[in-house]
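Encoded as structure tokens, the structure appears first; notes follow it.
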Amino acid sequence: MNEAMLADGMRRDEPDYREEPLASGVRFVLPRRELGSVRIVGWAIAGAGACGALFMVGWMWQPIAGGIKQLLTAPPGQQMFGWISIGFGCLGLIGLTITVGMVMAGLAIARNRSRCTVEIRNGKLLATDHFFFYRLRRTMPVSEIQRLRLTGPHNAAEKFSREREKFSSDDVSRLVGRNDTVLLADRADKRALAIAVAYPHEMLTRLATAIASHTDAQSLFTSTIIERDPLEQRDDSEIFDERVSILDSTLASEPWDESRPAGELRPDDTTVVIDRRPDGITIDMPPVGVWKGSKGLMAFSIIWNVFIGLFVAFAVAAAFGAVEAEEKGPPWVIPLALTPFVAVGVGMLLSSINSGRRRAMIATVGDAVLFVQTSIFGKKTREWQRQQLDEIRCGPSGVEINDVPVTELQFIAIDDDKFGCLSHLTDDELRWIAAELNDTLRLSELDRAESFAATLQRDPHGDLLPPVGSAVRLERSGDGVSIHVPPRGIRRSLGSLALGVIFFAVSVAVAVVIARTQFKHGFPPRDMGGVIIASIFIFVFGAVGVAVMVGSIVTARSQSWFTARRTELQVLERSVFKSRRLSWGRDALLAIEVLPTGTRLNNVPIYHLLIRPRQGETFGVMSGRRRVDLNFVAAVLNESLELA
């Protein structure tokens, strides 16, 4: 009782926001953020901003210096081009301001010197983050606010909910302290404005209530009012008088009407056809066209490719002497340096065409479901049994186009593996298809724990067996078990390794060209601005290439050994550069779990085996391995050590 009262007293003593009346509205002044270990990210932001600032200085150097030279040497009346060159160079001040702001923001985050203010005046909501003298402002009309939403790392959004809910509160507190909540203002077009980021949940709950009481916007749809702190709760009449609803996503997710039959969810303008059979259904999804299927990406890719194409054509023509330029270099240098930008443009264009031309089919037969998709890149098939699936839903793909999240149909397996598809369809079509499949397969009737246990194979003696196709080696003895997880092999990392080699090769090629053309006659170089820009390009591309190559090799060669006896667990992890050996007594262990690392590859979460002691820091191992292997190792160790 005393501890609870003390904790409650500590929370009440924490700084709260301050409300200041304005002539035409109100201002809410929030205190400084007190972040945990996550503030180290501020140093990374400051470093990136410093590199960007150097890049902008190098970009501005040549036109400004050339313009000044033109003004000093040109005869009177012929100095116009000098002023034009200086004006063009001064455009870089926009980018320089942004990058200097990144430096200020990073330093403020790292030193816990950032804060936020929120103003409501003249029919607009203005949120401002203060990073020393730099200001980052966001605004939206009050009339466009549909809902105020509280979210945080425990359930930031639907795409993170399945991962973050498994982290302990201690892990979150260690990263961000108690500043684990974000207040968002949702629009009708699914875009959201971040009003206040990284503040305590209780403070933002009170702030959301205060903001709602000062707005006149009408709510276009109903949201559930989640219960708040009893000290802040008001009577029902005051709640229903609010014109903007408040949804606490840290306590509940987006409300969904599951009472409607799946057939009633069918959109009127859909081209999707469902054929019902006695043993299941077949859903046919014909191509929807490039413009509709790409959801705006096609238009952006055309603009990107036209711009890059003109730039490449002019640069190559200048290198070959077809147009007049200050300096003629090897003709292959410019195309090589622009290869990544061309690749991005071609990739977006092909992705847009693929989105509009692909055809898909989903069929259920009894307890089996089959997905088949044909596109310009070939044919893709996936198959599941009913017992392998936990849910089929419409969820975010992790991609945004024009700040609007792109949704997809997601098949969620019982071990939380996710397969996403059909991102070219509308949200209404995806929800309808998901409802039809869930009803047909009767997924709501499945018991998740029983289905997961059924995937673990056992021998006649009741001992767990390695999954089919697994390289994990298991040896049992009288006093325990030994598990060896061999290296994955370099073949599984060839894709990322090749990407790293390409990045590094491009940086080396640019460095060689710069050395041969700019330092032919020693220091200083002929074009200092160009050298600064090229140096940043070489450093970034080279660093990324080396990091990707090293990461690929480390991942490919890492291996682990586990020895579990009745009273002790020993773990040895060996990689290219180091080895780690740890041991715990059985009574010192709380659980051995399979959890996400927090990193995603192609929007797919990467999992690892997490050893959670009763005291001290957790230990992660086997990062990036197959989920079936991780689940098998965790189950064997938990059974051998008699852990929950």
Taking Lys380, Lys578 and counting other C-beta atoms within 10 Å, the order from fewest to most: Lys578, Lys380
Along each principal axis, Cα extent of the stretch 491-556, largest first, Å: 46, 15, 13
Principal axis box of the stretch 40-110, alpha-carbon based, largest edge first, Å: 55, 14, 11
Hull-based mean projected area of the stretch 487-599, where the convex hull spans the alpha carbons, in square nanometres: 10.5
Cα-Cα P(r), the stretch 536-644, percent of pairs per 5 Å interval: 2, 11, 19, 21, 18, 12, 8, 5, 3, 2, 1, 0
Cβ charges +1 (Lys, Arg) and -1 (Asp, Glu), total dipole of the stretch 351-437, debye: 540
Exposure proxy order (Cβ contacts within 10 Å, fewest to most) of Ile606, Ile533: Ile606, Ile533
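For the stretch 509-644, what is the relative contact order in percent, using Cα pairs closer than 8 Å and at least 6 residues apart in sequence?
Over the stretch 509-644, the number comes to 16 percent.
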Taking Ser143, Ser552, Ser623 and counting other C-beta atoms within 10 Å, the order from fewest to most: Ser143, Ser623, Ser552
Contour minus Cα-Cα distance for Leu350 and Asn638 (0.36 nm per residue): 98.9 nm
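Values in this text are rule-based calculations from the coordinates and carry no lab data. Only a predicted model underlies this, so the values are computations on that prediction, with no experimental measurement involved. Every residue, glycine as well, gets a Cβ built from its backbone with ideal geometry; the counts of neighbours run over all protein chains shown.
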